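Every number here is computed from the coordinates shown, using simple stated rules; none is lab data. Remember, predicted model here, so these are calculated numbers, not experimental data. Every residue, glycine among them, receives a Cβ derived from its backbone with ideal geometry; neighbour counts consider all protein chains shown.
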Amino acid sequence: MVPEPSALAYVPFVSVQNMMRLVTETGVDAFIARLADYIAADFRRWPEFDKTPRVASHSTDGVIELMPTADAENYGFKYVNGHPRNMRDGYQTVTAFGVLASVATGYPLLLTEMTVLTALRTAATSALAAKYLAPPESQVMAMIGNGAQCEFQAMAFRSICGIRRLRLYDVDPAATLKAERNLTAEGFEVVTCASPEEVVEGAQIITTCTADKQFATILTDNMVGSGVHVNAIGGDCPGKTELHRDILLRSDIFVEYPPQTRIEGECQQLDEDHPVQELWEVVAGLRPGRRDRSQITLFDSVGFAIEDFSALRCVRDAIEGTPYFDRLDLLADPDDPRDLFGMLRRSSGA
C-alpha cells in the first residue's frame, strides 16, 4: 500500500481561482492597501535583505526572469515572463508564480500564482511611491497604456492617494473602451482621449504603462510641465523605454534598486553616474520625497524582488484560517531522511 504523505510533505498552494476569491472577499481597494503596508514595512528594513538584479533570459520573443531575495528568516523568488506579442495568439503578456521558503530548513512555506498578485503589487508600489512623490493636491491621473495593468493602477491610486478622476489613452481604442467600462463600473470619473498630448492635459500624475519591447517615446518633453509626478512602469528590460531623455534630465528620479534600474528602466538612457534617489530611503524617512510644488518627480519603476517578497508574506498571512488555498503534496518526506529510495520502493508495494 502506498504510504500517505506526512504533514511535512504538504505546502500551501494558492491557485488563480483562490487568489481571486481572496482578493474579492477582502475587497480590491483593501487588499491593495494591505499590500502597500507590507511593501512599506519591508522598504523600511531594506538593508536586511539580500539584493541582486533579476536573472533574465532574453530572446527575440520576450524575456523570462527569476527574481530572488531573502532576509534572515525567509527566502522568496518569483518566476515571471514578459512577451509583448503574446496577445496576438491569445496569451497573457505577463504570467508569474512565486515561492516563499524558510531559510532555516529550506522548506517552502507557500507556492502561489503571481500573475494576478504581480498586477496588484505593481499597482500598490506605484501608489505607495506617489504617496510620497506626487503633488499633495493631486486629483487627476492620466493613464497612457490601458492594458492589463491599467485598472489595478487606478484602484491603487484611489485606495492610497484618493485619485478618482482618470484620463485614458491607448493606441488600441478597444483597450481604452475596456478600461473605461471596467473603471466606470468601479465608480471612477473617466475621460477617454484621442492622443497622448490630450490625455496629459490637467493631470497632476501621469502613468505610462505600455508593452512594446523597443526604445519608444510615449512622453515627449513638451508634454510634461512643472509640478507633475510621472509614474513610469512600462520599462522593465534593456531596450524598452517610454520617456524622452530630456524629461529625465528635468526630473528628480526615484528608483527601487539602482543596479537593476540603470539596466532596465528609463535610466538606461542616462550616464551611469546620473544621480537617482532610492525609494526605500524616502519611505524610511531618511530622505525627502517631493520638496516643492514645481518639482517634477519621476518614479522609474521596473519592479524589484523585495516587493514580491512582501506580496508573498502578505498572502501567506492572509490565507491563514481561510479556505483560499490547497494542500499540495510537493515534498518527499521519507520516514528515514537517508532512505529516499526505500520510500520509492514501498510506494510500489515492494
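Given H placed on each backbone N at 1.01 Å, which residues far from L270 in sequence or on other chains put an amide H within less than 5 Å of it?
Amide H to amide H, under 5 Å and 5 or more residues apart or across chains, L270 pairs with nothing.
Mind ranking 21-27, 106-112 by how tightly packed they are, going by the mean number of other C-beta atoms within 10 angstrom, highest first? Working shown, then result.
Details: 21-27: 15.6, 106-112: 17.6.
Most protected by this proxy first, the peptides run 106-112, 21-27.
What is the count of Lys pairs in the chain whose alpha carbons sit under 24 Å apart, if the two are 8 or more places apart or on different chains? Mind showing how you got there, number by number?
Numbers: K51/K78; K51/K240; K78/K213; K78/K240; K178/K213; K213/K240.
Lysine pairs satisfying the spacing and distance rule in the chain number 6.
Report the antiparallel proportion of the DSSP beta bridges in the range 125-303 as a percent, rounded to a multiple of 5. Can you show the working numbers first?
On the way: 0 of 28 bridges.
Among the beta bridges of the range 125-303, antiparallel pairing accounts for roughly 0 percent.
Would you mind checking the tilt of helix 28-43 against the longest principal axis of the Cα atoms of the chain, expressed as 0 to 90 degrees and rounded to 10?
80
Using amide H atoms built 1.01 Å from N in the peptide plane, name the residues 5+ places from I163, or on other chains, whose amide H lies under 5 Å from its own.
R158
To test your reading of the geometry: what angle, between 0 and 90 degrees and rounded to tens, separates the Cα axis of helix 115-133 from the longest principal axis of the chain?
40
Express the relative contact order of the range 125-303 as a whole percentage, based on alpha carbon pairs under 8 Å and six or more residues apart in sequence.
Numbers: 375 pairs, mean separation 42.0, N = 179.
The value is 23 percent.
Mind pulling the angle between the C-alpha long axis of helix 150-161 and the longest principal axis of the chain? Nearest 10 degrees, somewhere in 0 to 90.
Orientation of helix 150-161: about 80 degrees from the principal axis.
Given an 8 Å cut-off on Cα distances and at least 6 residues of separation, report the relative contact order of the chain as a percent. Numbers along the way, then the final one.
Values: 706 pairs, mean separation 79.6, N = 350.
For the chain, the relative contact order is 23 percent.
Could you pull the Rg and Dmax for the chain, using just the Cα atoms, both in Å?
Final numbers for Rg and Dmax: 21.5, 77 Å.
Could you calculate the contour length gain from E281 to E186, that is, 0.36 nm times the residue separation minus the distance between their Cα atoms, to one decimal place in nm? Could the numbers behind the result be given before it?
Details: separation 95, 0.36 × 95 = 34.20 nm, distance 3.36 nm.
Contour length minus Cα-Cα distance gives 30.8 nm.
What's the ranking of 60-73, 220-233 by average number of surrounding C-beta atoms within 10 Å, highest first? Display every interim value, and only then the final one.
Details: 60-73: 16.4, 220-233: 19.5.
Ranked by mean Cβ neighbours within 10 Å, highest first: 220-233, 60-73.
Run the helix sum for the chain: -39,500 (n - 2.57) per DSSP H stretch of 4+ residues, divided by residue count, reported at 222 nm to the nearest 500 deg cm²/dmol. Mind showing how you got there, number by number?
Numbers: 11 runs with 116 residues, N = 350.
Counting only the DSSP helices, I get -10000 deg cm²/dmol.
Sort 78-84, 114-120, 272-278 for me by packing, meaning the mean count of neighbouring Cβ atoms within 10 Å per residue, highest on top. Mind showing how you got there, number by number?
Working: 78-84: 19.9, 114-120: 22.1, 272-278: 12.7.
Ranking the peptides 78-84, 114-120, 272-278 by packing returns 114-120, 78-84, 272-278.
Compute the separation of the alpha-carbon centres of the range 270-289 and the range 186-249 and state it in Å as a whole number.
21
With θ set to phi - 60°, apply the Karplus curve 6.51 cos²θ - 1.76 cosθ + 1.60 along the range 54-66 and write out the HN-Hα couplings as whole Hz, x wherever there is a Gly or Pro.
Those phi angles translate into 4, 8, 10, 10, 8, 9, 5, 8, x, 9, 10, 9, 10 Hz.
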